[in-house]
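In what follows, a structure is listed as structure tokens, so that the remarks can point back to it.
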Amino acid sequence: MKILVVDDTEANRKLLCWILEDDGHTVVEAVNGQEGVDLFQSESPDLVLMDVMMPVMDGFDSTKAIREILGDTHIPIIFLTALSDDASLAKCLSVGGDDFLSKPINEQVLQAKINAHARIRDLNEELNKQKVELEALHALTEREHEIAKAVFENAMGASLQDCANTRHYISPATTFNGDILLSAPSPSGGLYVILADFTGHGLPAAIGALPLSQTFYNCTVAGDSVSDIARKLNTALEGFLPDFMFAAAAVLEMNADGTRVTFWAGGLPDIIITDANGSIKESVISSHMPLGVLDDKEFEREVIIRHPEPGDKYYIYTDGITETETPDGEMYGDERMQALFDGTQKDPFTKLLYDIKTFRGALEQNDDITIIELTCSPVELETEHDTKPLAQGKLPWSLNMNLDANALNGSSPISQIIDMIGSSPAISEHKDYLHTIMSELFSNALEHGVLELSSELKETEDGYLDYYQQREDRLAALTDGNITINVEFILGDEYGKLKINFNDSGKGFDVKNLKASDDDNAFGRGASLIDTLCDSVEYNETGTAVTAYYTLRSTD
Amino acid sequence: MPVESALSSDNAELTISIVGRFDFELVQEFRAAYSDQKGTRYTIDMRATEHMDSSALGMLLNMRKTLGEDTKISIVNCRPQIKKILTISRFDKKFSIE
């Protein structure tokens, strides 16, 4: 250790030097308090032995100055004093000394005190090091949380945007929400909603949100059914999360008319269904296990289906609501919550949120709270419409296809034709109707033309099956025959037009017969479908050729 | 499987889902879907049906005939183009189309 000895008496300094150097310490000598301060700064000793009475600056002032320089770092200062009155000894400590030793110096006591203070100093150094490390770690964690939060928010999309059918309230207990509430439109114009509550809260709980939201959005774009979504979410979470983590969840789909609600629920509090007046109709228990518990084989995918009246409301929420506690530890509970839905509240949703807050009082919220209210009515999404008119294309073109017996025996060429012409911007939004029209024209040409099948077969259900069996047999045995398809794009003033022509090698059929059918017949619907979807349809006299015109109007 | 059927948890409602193209190639499968399992209500889920043609219309009418006029059959989650085909064919008189 490097020890600074501050004493104006040379004999004292020499004695101390002799003792300390003998013990293996390095000694720096100062002859008064001022020199002590100066040497302290230049030599950075590990411990100071300080005399009290000195010229220029005494030991008290010197100690004060050194403590000032040191700030938070700890270097022991031990006073060596001939004074023995209580007041002086107390002053030694009050100005910043750590200990005192009476002169004349006892060598053993000096050594013992130096060792004791060295230990304290080491402990202090260790503490300081840990404090610095902790601060660095804390800063790092904060930064990581910031990054994680940004990723999290991006992954959640624009989170949940309420449409005319939903209202929601989300209040996380920490920066990260272990509750996830997402909604998405379905391809058929309906609405999907998912509410999930991961075990725990904070960052660990929120991590599960990533696989969950990605899977959910993939499913909703594909238009999956509720039971498929629940099952896929379960598989995703089961694979991603450690065993002790899972998510209580409800997945719900309302159809576009708001007349049908399908849902799967596992581990959440009861789902409350009310009529338009807010009076409770049913409270549905989440009968399944939470997501991420069972493996795929054991997963229960049964859903609940309800056919609500217009204005019925569904309330789905996490246990953060019912488990809200008063400062005395009393829980809000299901009964208080369900009592709100007795039909007397004008707006039970808002009342509930107000109640929860008042119930908790001054207490901090200790779990994530999420609730969504879904109103059963035709779904109104706030979507942005792209009103830019589609270019009709500037060049006319035509497509010819000649299919012989061999080609006809393969799969239907219609999908391929639609893929080819559908990439044109004017046509892409008509692909589905064109697919239907051309499929019908192709079926007619093949079945009634080339294969000479009669529609009359289809009059009974068994005949219906028979018809398609014969179709298969005759097609397999086909050696002669062909169908030519011609599609021509004609430029128009405002919209382009398609001329679609089918020609077959069959004997032809009675065109009038084709169109005659009533509502109950399981056949003869193709022709009227084509008629309605096209501008005009013309058959030649023998029924072996047909030409249809279709205008590519903007469908908005 | 392009045709899947599932009973609801109370065994009352049989939901038949059709994936991809609903056309004559599904004749057997579709018939089996409502003959093998019975419900008191039937729902055809068209969420994943991309196209349908007149043979599919025929199959639906056969289903109606087999189950009788009084059985509730709903056709749900139709994409717009499918809905138009059903409407053109006046299927809203025989089925409840949602």
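The values are calculated or read from the model by the stated rules, or taken from the named source; none is laboratory data. Here the structure is a predicted model, which means the values were calculated and not measured. Note that we place each Cβ from the backbone using ideal geometry, even for glycine, and neighbour counts take in every protein chain shown. Side chains are part of the model used for accessible areas, which takes the heavy atoms of the whole protein and leaves out ligands, DNA and RNA. Shrake-Rupley method; radii C 1.70, N 1.55, O 1.52, S 1.80 Å.
A few points about this structure:
- Alpha carbon convex hull of region A:262-418, projected area averaged over orientations, nm²: 18.7
- Computed 3J(HN,Hα) for region A:328-338, one whole-Hz value per residue from the Karplus formula 6.51 cos²θ - 1.76 cosθ + 1.60 where θ = phi - 60°, is 7, x, 8, 8, 5, x, 5, 4, 4, 5, 5, glycine and proline marked x.
- Restricting attention to region A:2-127, the count of lysine pairs at 8 or more positions apart or across chains with alpha carbons under 18 Å apart stands at 6.
- DSSP assigns beta bridges within chain B; of those with both partners inside it, close to 25 percent run antiparallel.
- Calculated diffusion of region A:156-375, Stokes-Einstein form, Kirkwood radius summed over Cα pairs, 25 °C and 0.890 mPa s, µm²/s: 140
- For A:ILE285 and A:ASP342, the FRET efficiency from 1/(1 + (r/R0)^6), where r spans their Cβ atoms and R0 equals 22 Å, is about 0.65.
- Sites matching trypsin sites (Lys or Arg not before Pro) across chain B that sit in DSSP coil, with at most 13 neighbouring C-beta atoms within 10 Å: B:LYS38, B:ARG90
- At an R0 of 22 angstrom, the distance between the Cβ atoms of B:GLU29 and A:ASN486 translates into a FRET efficiency of 0.05.
- Of all beta bridges that DSSP places with both ends in the protein assembly as shown, some 70 percent have antiparallel geometry.
- Distance between the 7 Å Cα→Cβ label points at A:ASP531 and B:LEU67: 2.9 nm.
- Cα shape, region A:54-147, gyration tensor, a/c 1.5 rule: prolate
- Taken over chain B, the percentage of Cα pairs per 10 Å bin, counting from 0 up to the bin with the maximum distance, is 16, 57, 26, 1.
- In this structure, the amide hydrogen of A:ILE316, modeled 1.01 Å from its nitrogen in the peptide plane, lies closer than 5 angstrom to those of A:ILE372, A:LEU374, counting only residues at least 5 positions away or on a different chain.
- Each label point was placed 7 Å from the Cα along the Cα-to-Cβ direction; for A:ASN124 and A:ARG553 their separation is 9.0 nm.
- What a 1.4 Å probe finds exposed on region A:370-504 is 46% carbon and sulfur by accessible area, rounded to a whole percent.
- Tail beyond 26 Å, pair distance distribution of region A:397-551 (Cα, percent): 26
- Of the solvent-accessible surface of region B:3-97, computed with a 1.4 Å probe over protein heavy atoms with every protein chain present, carbon and sulfur atoms account for 46 percent.
- Interface area, B with A, accessible, probe 1.4 Å, both sides summed, Å² nearest 100: 3700
- Lysines with Cα under 20 Å of B:LYS38, excluding same-chain neighbours fewer than 8 positions away: B:LYS65, B:LYS72, B:LYS94
- Helix-derived mean residue ellipticity, 222 nm - over chain B, DSSP H n ≥ 4, -39500 (n - 2.57), to 500: -10000 deg cm²/dmol
- Cα gyration tensor shape for region A:1-50, rounded if a/c is under 1.5, else prolate or oblate: oblate
- By the helix-only formula, in which each DSSP H run with n ≥ 4 contributes -39500 (n - 2.57) and the sum is divided by residues, chain A has a 222 nm mean residue ellipticity of -12000 deg cm²/dmol.
- Taking 0.36 nm per residue of separation and subtracting the Cα-Cα distance, full extension of the segment from A:ASP257 to A:HIS138 would add 37.6 nm.
- These residues, A:THR235, A:THR318, go from largest to smallest accessible area, 1.4 Å probe, as A:THR235, A:THR318.
- Residues in region B:75-97 that, when all protein chains are in place, have 20 Å² or more less accessible area than the chain alone would give (probe 1.4 Å): B:ASN77, B:ARG79, B:GLN81, B:LYS84, B:ILE85, B:ILE88, B:SER89, B:ARG90, B:LYS94
- Residues whose amide H lies under 5 Å from that of B:LYS72, counting only those 5 or more places away or on a different chain, are B:TYR42; hydrogens are built 1.01 Å from N in the peptide plane.
- Compared with the alpha-carbon gap, the fully stretched path from A:MET1 to A:ALA407 is longer by 136.4 nm at 0.36 nm per residue.
- Relative contact order of region A:397-551, taken over Cα pairs closer than 8 Å and 6 or more residues apart, is 26 percent.
- Burial of 20 Å² or greater, region B:1-47 residues [accessible area, probe 1.4 Å, versus chain by itself]: B:SER8, B:SER9, B:GLU13, B:ARG21, B:PHE24, B:VAL27, B:GLN28, B:ARG31, B:ARG41, B:ARG47
- Convex hull volume per residue for chain A, taking Cα atoms only, in Å³: 307
- The mean of 1/r over all pairs of different alpha-carbon atoms in region A:137-219, once inverted, gives a Kirkwood hydrodynamic radius of 13.8 Å.
- Sites A:THR479 and A:LYS394 - FRET efficiency at Förster radius 56 Å, r taken between beta-carbons, to 0.05: 0.80
- Residues whose amide H lies under 5 Å from that of A:VAL27, counting only those 5 or more places away or on a different chain, are A:ILE3; hydrogens are built 1.01 Å from N in the peptide plane.
- Using the 1.4 Å probe convention, the accessible area of region A:2-127 works out to 50 Å² per residue with neighbouring protein chains retained.
- Taking chain A and dividing mean pair separation by its residue count, relative contact order in percent (alpha carbons under 8 Å, at least six apart): 9
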